[in-house]
Every structure is written in structure tokens, then in C-alpha cells.
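The values are calculated or read from the model by the stated rules, or taken from the named source; none is laboratory data. It should be emphasised that the depicted structure is a prediction, and the values quoted were computed from it without experimental measurement. So basically every Cβ, Gly included, is an ideal-geometry build from the backbone, and we count neighbours across all protein chains shown. All accessible areas refer to the heavy atoms of the entire protein, side chains included, with ligands and DNA or RNA removed. Shrake-Rupley method; radii C 1.70, N 1.55, O 1.52, S 1.80 Å.
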Amino acid sequence: MKAVTASSLPEQLLEIREVSEPIADSSEALIQVTAFSLNRGELRRAQSAVEGARLGWDLVGVVVEPAQDGSGPREGKRVVGFSRRMHGWAERVVLPTVDFKDIPKSVPDADAATLPVAGLTALYALERCERLLGSNVLITGASGGVGYFACQLAKMMGARVVAQLRRSDFVQMVRETGADDVIVSTDGSGLEAQGKFRAIIDGVGGSVLSKLLLQLDDGGRAILYGVSAGPVATLGVRELFMTGDGRIEGFHLYRESQVEPAAKGLGRLLGLLEQKRLSPYVAVKGNWKEIDAVAAQLIDRDFPGKAVLTI
């Protein structure tokens, strides 16, 4: 079968090549993949991976061989899944039944494909926080996949949502999430006027994070899931004294999906899509043969939201 791998050519990042067919264990199903979405994390891995390394977390497809132990969706079911092995960008994949969920009829493949990494990260990061009803919540990188979902989910939880992004041309699409205020800032300036935050969901890191931590409220939590602006931030320890039991917590989806299986979280998110209470922002749709060009656009942040490619 064919799959996306790290490229052997110096002028490109990704290529499609022949790989071995997957073999399922008793608790895994074989899925014929029809589409997938891209995340910056996979592309960062590709930049340092050895030639031929497999890639891909997010996928949708159809179950062609259900799990032998009887768990999970039946043959013919349309499903969305999270490939921990990063084998999702391929014609076929095997997944443990705890890592995929059947898709409601009214939810399109492209919408479902955006959920595994971006949707679950937004959901589980916010659920780490407490007492959000009526509280200030800051979402950084709000025009990205995680940020766009997090703004919507935080509003559902009753929060006053402040969204931060770096480009003014994406302000309108972020306002459509229901965010109460949108701040365009590359270094975190302007956020101090918003007061203290009960929760900060940050995928930016760097100098922006250094300023954000000064805005953490007494007992608040800063959940850190990404470092798109840089992996190092200066920590103002004295200011943190005033947050009482405020916390700075790292976030990793692999760990969080052990607390609640991806299938369960995906089921909750799919229900919100079905009810039209949650919506993704799919800026790019195309064929997987275009993946190297789309990956370059995503690395350069040429578009907001998500890219979904079909096989």
C-alpha cells in the first residue's frame, strides 16, 4: 500500500511511497483511510526524521476488518481516529478500538478529520481547569486548529473568552467563535488590559508566555501544549507568588488520552458537531498528492485553521 513518509529528496519534506501492509492485533481494527488532517507537530517531526519515517495522527475512513475481540465499530462504519503510532497518513491503518469512533451521518469527513489532535487537545486542556463559568479565559494562537476549537469550547463552559493571535487578517474568523475580545499581538502586549485570567490555554510559548504568566489569577491554571514562538520562556517567579495555588502545567495528548480514551473524547466532540454547537475551520482541502506543498504552507502559517486532504 502507499503512505506518506519523510522524504528522501532534499528539496521536499514529504513523499508518498510503498510501505508494508499493517497487521492488526485482536483489539485493533483495519481501516481504509479516506482523508486526514495535518498538524504542525507531524511536520516538525518530519523535519528531523530519518528518510522513510511514517507520519500522521488524524484520519477518517471506513472499517474493513473489525477487531477480532468484538470491540469497536462494525465493518462498513465510517470512523475518525487518532494514530498514536503516527501511521495515519496511509491508504490503510490499524488502530486500537479505544482510539477511534464512528461518525454520525450528518458530519462530513472533512469536519471529523480535524478533531483528533486539535479537538481533543482543546477539550482536555480546558477540562484540566476549574470554575470557568463567568471567568476570564485566554486562548493564544486562536486562529490555529486547537485555538479555534478552544475558543468555542470555553464559551460553552460559560467563560469570558479573550483570543490572542498574531495576524490581523484572521481576526474576523476568530470572532466567529464567539470570543468576547480578540487581541492582535506578537509579544503579548495589550493583554494586561484584560485583567487576570482564571485559565490560560497556550500553544505559543516564548516571549508571549513570559508576559501571559503575569496575568494568571489567584488559583488559576496555565496549560501549555505548544511552543510555536519558541521553546524557552522567562519565568517571573516573584509574580507567581501572588497567584496562590496557581499552576503552570504541561500538556501532552498521549498522556491525556490515557486518562480518557480518545474514542470517548471524540464521541463527545462529534456530538457537538452533529448538534452544530461546534464547528471546525477548514481553510485548505485537496488531494493527498499535494501534501508536500500544503505542508510548506502550514509551516509558513499561510492559512488559519486546518488543512484536510483526501486519498
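Values computed for the structure shown
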read-out: Answer from 143, 207 - the residue that is over 30 Å from residue 88 (Cβ atoms) and among the polar types (S, T, N, Q); value: 207
read-out: Hits in the range 208-233 - residues which are farther than 21 Å from residue 145 by Cα and open to solvent by 50 Å² or more (accessible area, probe 1.4 Å); value: 211, 214, 217, 218, 232
read-out: Residue 201 vs. criteria open to solvent by less than 20 Å² (accessible area, probe 1.4 Å) and either farther than 20 Å from residue 283 by Cα or acidic (Asp, Glu) (or both); value: yes
read-out: Strands (runs of 3 or more DSSP E) wholly inside the range 26-123 that include at least 3 residues being at pLDDT 95 or above and within 23 Å of residue 302 (Cβ to Cβ); value: 28-37
read-out: The range 184-204: number of residues that are under 18 Å from residue 226 (Cβ atoms) and touching a strand residue (DSSP E or B) at 6+ places or on another chain (Cβ under 7 Å); value: 8
read-out: Strands (runs of 3 or more DSSP E) within the range 234-311 that include 3 or more residues on the phi < 0 side of the Ramachandran plot and either modelled with pLDDT of 95 or more or open to solvent by 80 Å² or more (accessible area, probe 1.4 Å) (or both); value: 282-287, 306-310
read-out: Single residue of the range 14-69 satisfying the filter (charged (D, E, K, R) and open to solvent by less than 60 Å² (accessible area, probe 1.4 Å)) that is farthest from residue 121 (Cα to Cα); value: 15
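Here's the yes/no breakdown for (1) over 21 Å from residue 121 (Cβ atoms); (2) without any contact (Cβ under 8 Å) to a residue 40 or more places away in the chain; (3) under 23 Å from the mean Cα position of the chain (by Cα); (4) not in a strand (DSSP E or B):
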residue	(1), (2), (3), (4)
208	no, no, yes, yes
213	no, yes, yes, yes
217	yes, no, no, no
223	no, no, yes, no
